[in-house]
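Engineer: Below are the structure tokens for one structure; questions will follow.
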Amino acid sequence: MKLCRFNKDRLGLVDGDTVRDVTSALEALPVCTYPLPRYDLLIAHLDEVCKRVRELAPTAPSLSLDSVMLLSPVANPGKVIGAPVNYKKHLEEARADPEINFQAQVQEIQRIGLFLKATSSVIGQSETVRISHAERRNDHEAELAVIIGKPGRNIPKENAMSHVAAYCIGLDMTVRGPEERSLRKSVDTFTVLGPWLVTADDIPDPGNLDFSLKVNGDVRQFANTRDLVLSIPELIEYASRFYTLHPGDVILTGTPKGVGPVVPNDTILTEFAGIGSMAVAVGLQN
Ligand code: MN
């Protein structure tokens with residue numbers, strides 16, 4: 001099932017080029033009071049919501065997908081976990097290019113581990129990536145985003161896939177420079193999630209998905225998730241040795257070779273087998 005958040009926090013079922021407005025399925029969610037939970041309420045109750053969506057869909061109002069504003073499919077991720085250089089050919093590229101590595105030794109993920117992106121950087125496809133450091137190189141990174149559905153800590157990789165609720169496309173936008181990744185990758189609008197989530201049952205083999213990224217129509221990245229250095233189960237095992245994973249936490253699984261700069265007025269088109277395509281505009285910070 002493909003679920004989107006659109007316009008002013010509406011919930012939609014994506015079906016081809018239409019969206020069914022199934023917002024009333026959100027009535028399946030419990031009412032929370034202060035202090036709000038650290039997890040995303042929709043993702044924590046995704047099964048119940050999907051059941052309601054199926055009941056509502058046949059009679060739900062239908063809109064054209066083109067006509068709606070798509071928001072991040074996860075409204076409140078507790079954390080966004082990044083996987084640095086998790087494709088071997090991107091490691092080689094990063095080590096060879098001083099504009100990427102800034103004279104710092106590019107380490108393998110098994111040594112350097114993971115990093116966090118500020119959740120305030122998250123936007124959806126219809127918002128705009130806003131460049132705030134225009135004098136620097138601002139790069140696109142196309143990635144498979146894994147949305148955690150079930151809480152866990154010290155999750156063995158053998159059980160890891162049972163903790164996955166859904167997938168979406170992720171853009172891990174990055175300002176190049178000497179600072180820590182967590183700073184450079186957490187600029188407002190620098191985490192794009194979308195265009196919708198696809199429930200895990202619809203993607204039986206997330207470890208074998210072709211994907212590509214184009215800027216203004218030119219192919220920059222083309223890869224398959226089978227070339228991940230740490231696989232999805234291994235990333236979940238690794239992350240959960242350090243952090244309790246909560247529903248709605250997002251793991252950006254890493255980007256393949258071909259990262260490159262974008263500038264205002266560019267359009268980034270990312271296509272993923274099994275998910276769809278996401279077109280995102282680039283602009284200047286207001
Ligand atoms: Mn990345």
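The values are calculated or read from the model by the stated rules, or taken from the named source; none is laboratory data. Owing to the predicted nature of the structure, the values given are computational and were not obtained by experimental measurement. Cβ placement follows ideal geometry from the backbone for every residue including glycine, while neighbour counts extend to all protein chains displayed. Note: areas computed on protein heavy atoms with side chains; ligands, DNA, RNA excluded. Shrake-Rupley method; radii C 1.70, N 1.55, O 1.52, S 1.80 Å.
Engineer: Express in % the proportion of alpha carbon pairs of the range 18-64 at distances exceeding 13 Å.
Structural biologist: Percentage above 13 Å: 58.
Engineer: Which length gain, in nm to one decimal place, applies between Arg137 and Asp9 when the Cα-Cα distance is subtracted from 0.36 nm times their residue separation?
Structural biologist: Extending this stretch completely gives an extra 42.8 nm.
Engineer: Along the three principal axes, how long is the chain when you take its alpha carbons, biggest first, rounded to the nearest angstrom?
Structural biologist: Each principal axis gives a Cα extent; for the chain these are 57, 43, 38 Å.
Engineer: Given the options Asn286, Ile112, Ser67, identify the residue whose Cα lies farthest towards the positive end of the charge dipole of the chain (+1 on Cβ of Lys, Arg; -1 on Cβ of Asp, Glu).
Structural biologist: The residue sitting farthest along the positive end of the dipole is Ile112.
Engineer: I want to check the label-to-label distance for Asn76 and Ala118. Put each point 7 Å from Cα in the C-beta direction and report it in nm to one decimal.
Structural biologist: It works out to 2.0 nm between the two label points.
Engineer: A further question on this structure: Given the options Val31, Val164, Val198, which has the most mean-square fluctuation in a GNM of the chain, springs set between C-alpha atoms less than 10 angstrom apart?
Structural biologist: Val31
Engineer: Report the Cα-based extents of the range 156-242 along its three principal axes, largest first, to the nearest Å.
Structural biologist: Reported extents, whole Å, longest axis first: 37, 33, 23.
Engineer: Pull up the DSSP beta bridges for the chain and report the antiparallel fraction as a percent, rounded to 5.
Structural biologist: Approximately 85 percent, going by the DSSP bridge assignments.
Engineer: Quick check on the chain: helices-only [θ] at 222 nm, where DSSP H runs of length 4 and up contribute -39,500 (n - 2.57) each and the sum goes over total residues. Nearest 500, please.
Structural biologist: -3500 deg cm²/dmol
Engineer: What does the accessible area per residue of the chain come to in Å², with a 1.4 Å probe and no ligands, DNA or RNA counted?
Structural biologist: I get 45 Å² per residue for this part.
Engineer: Let me ask something else. Relative contact order for the chain: what is it in percent, counting Cα pairs under 8 Å that are at least 6 residues apart?
Structural biologist: Relative contact order here is 25 percent.
Engineer: Compute the length gained on full extension between Asn224 and Glu179: take 0.36 nm times their separation in residues and subtract their Cα-Cα distance, giving the result in nm to one decimal.
Structural biologist: 13.3 nm
Engineer: Would you mind checking which residues have amide H under 5 Å from Arg220's amide H? H placed 1.01 Å from N; only 5 or more apart, or other chain.
Structural biologist: Placed amide hydrogens put Leu213, Lys214, Val215 under 5 Å from Arg220.
Engineer: Let me ask you something else. Rounding to the nearest 20 debye, state how big the charge dipole of the chain is about its Cα centre with +1 on each Lys and Arg Cβ and -1 on each Asp and Glu Cβ.
Structural biologist: Computed charge dipole of the chain: roughly 560 debye.
Engineer: Considering only protein heavy atoms and a 1.4 Å probe, what is the carbon-and-sulfur percentage of the accessible area of the chain?
Structural biologist: So the carbon and sulfur contribution to the accessible surface is 49 percent.
Engineer: Can you pull the one-decimal nm distance between simple spin-label points at Gln110 and Glu92, each 7 Å off the Cα toward Cβ?
Structural biologist: 1.8 nm
Engineer: Give, in nm to one decimal, the length gained when the segment between Tyr34 and Glu55 is fully stretched (0.36 nm per residue of separation minus the Cα-Cα distance). The partial results should precede the final answer.
Structural biologist: On the way: separation 21, 0.36 × 21 = 7.56 nm, distance 3.10 nm.
Full extension from Tyr34 to Glu55 adds 4.5 nm.
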